[in-house]
1. Could you compute Rg(Cα) / (2.2 N^0.38 Å) for the stretch 74-176, with N its residue count?
2. Compute the semi-axes of the equivalent ellipsoid of the stretch 409-474, taking the square root of 5 times each eigenvalue of the Cα gyration tensor, and list them largest first in whole Å.
3. Can you send over the solvent-accessible area of residue 467, 1.4 Å probe, protein chains only, in Å² to the nearest 10?
4. Roughly speaking, what is the stretch gain from residue 346 to residue 436, that is 0.36 nm per residue apart minus the C-alpha to C-alpha distance, in nm to one decimal?
5. Extending each Cα 7 Å along its Cβ direction at residue 84 and residue 159, get the distance between those two points in nm, one decimal.
6. For residue 170, tell me the accessible area in Å² from a 1.4 Å probe, rounded to the nearest 10.
7. Working out 0.36 nm times the residue gap between residue 169 and residue 429, then minus their Cα-Cα distance, what length gain in nm do you get to one decimal?
8. Regarding the stretch 99-145, what is the average projected area of its C-alpha convex hull, in nm²?
Amino acid sequence: MAESHGLMERLEKAVIRLETVLSASCFSKSTGNDIVNGINGGIAAYVEAFDTLMTGTLEQYLKNSKILGGDVETHATLVENAFKAERVFLAYASQHQQPPEAELTSLLKPVSEKILEVQTFREKNRGSEMFNHLSAISESISALGWIAVTPAPGPFVKEMADAAAFYTNRVLKDYKNSDVRHVDWVKSYLNIWSDLQAYIKEYHTTGTTWNSILTKEEPQQTGTTSGQSHPPPPPPPPGPPPSCDIFNSKPKDDISQDRSALFDQLNQGEEITKGLKHVSDDQKTHKNPKLRGQTAPVRSPTKSHGSSSSKSTPKQSYPPLLELEGKKWRVEYHEKVNNLVISETELKQVAYIFKCKNTTLQIKGKINSIIIDNCAKLGLVFDDVVGIVEVINSKDVQIQVIGKVPTISINKTDGCHVYLSESSIDCEIVSAKSSEMNILVPHNGDYKEFPVPEQFKTSWDGSKLVTEPAEMMG
């Protein structure tokens, strides 16, 4: 029995080693020889540590998702696939030197595609009873993009994980006193990002750790069975390198454009300074008085000043859209339109309004929910909503309720005026990271305006924290 057990362990290790080699080879342009940079397929310590994370906190999250079932369980499968794709990338990195930018983009693409699948699932299931669960995942799954971030991937993961807090707090609020399974689900999911931050701090503090060991036979190249070799990566061109935008290829109804711009800047890392040219003493005005009388600064004769970066990239335009897709009304990319109307509505339908500017929309009848995303100067009038009206990442939005709505959520929005009706006076307003919010309630045939507090003061009363508006709101 002891011999049999030992044999099984050896077989398991052999299978793991084979999987690692095969995973790495799927990225390589060569075929055959997997002995790369002096590593013969053995598993690096940081790959094993990532395996521990997957069999630990990730596995616990998957179990809790299976307990909840439905859309949450399906979504969790997509999350697992994203982690598996990242594991393949890390296995490859452990056996290869860091490739040029263009090749790195293709290596990162599988992880990017899995992240996109997770986010798209949320967008396709906005009518789900577990929408807050799906949103918590979708808002934070971009944390897996840390493998393309330098020099601070750890803080990047924390920032992405914090983006889930708005929705995980909703889940806790809805279920903390009624169903502990949802509370356990939230804790297990957030633990993933906590453990990932600790993992990055130990193994990838300033970015993905690539293998830097070279064999004597291969001082500057990677061997292949065909005898071909790849020259070392060329030096970076002047100025910042092309941005790696694979993690920005999110669905058009994604709300993280600001993060994407930051992500592009972080991707450059130390490469930013490599395009700078050394200035010799004879070109410095403080060391060469003859240059001080010149009207224009001395430029390098070898540097091209035809700045291609100064040419603004034209924004991609999309045709306006107003259509019913399944149970979702899609209202997208309308600009300077004042007569949009949705009249044929049903109780199970939702409305998703995306990137509309200087536009007014009226929704007649009773529907499930309304989401306003990335809009500016939008006017919305609706009859009845049985669920929630959400305003996300928008500016100067005006909402008028004709009938009844139980909840209105305002998140990351500057300027939002809500006109309530008599029957919706008990509506609950939830706000976060927003400014210039005003609620107008009926009063003697007109409306009376009340601002929503933006600043709060918290103090300790001896037994608990007490939070109240920092200003007198009246």
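The values are calculated or read from the model by the stated rules, or taken from the named source; none is laboratory data. Note that the structure is predicted; figures quoted are calculated from it, not measured. All Cβ positions, even for glycine, are placed from backbone atoms using ideal geometry, and neighbour counts span all protein chains on display. Keep in mind that these areas ignore ligands, DNA and RNA; they rest on the heavy atoms of the full protein, side chains included. Shrake-Rupley method; radii C 1.70, N 1.55, O 1.52, S 1.80 Å.
1. 1.19
2. Each semi-axis is the square root of five times an eigenvalue, giving 26, 14, 11 Å.
3. Residue 467 exposes around 80 Å² with every protein chain in place.
4. Additional length available on full extension: 29.1 nm.
5. Rounded to a tenth, the inter-label distance reads 3.1 nm.
6. The accessible area comes out at roughly 40 Å².
7. 92.1 nm
8. 3.4 nm²
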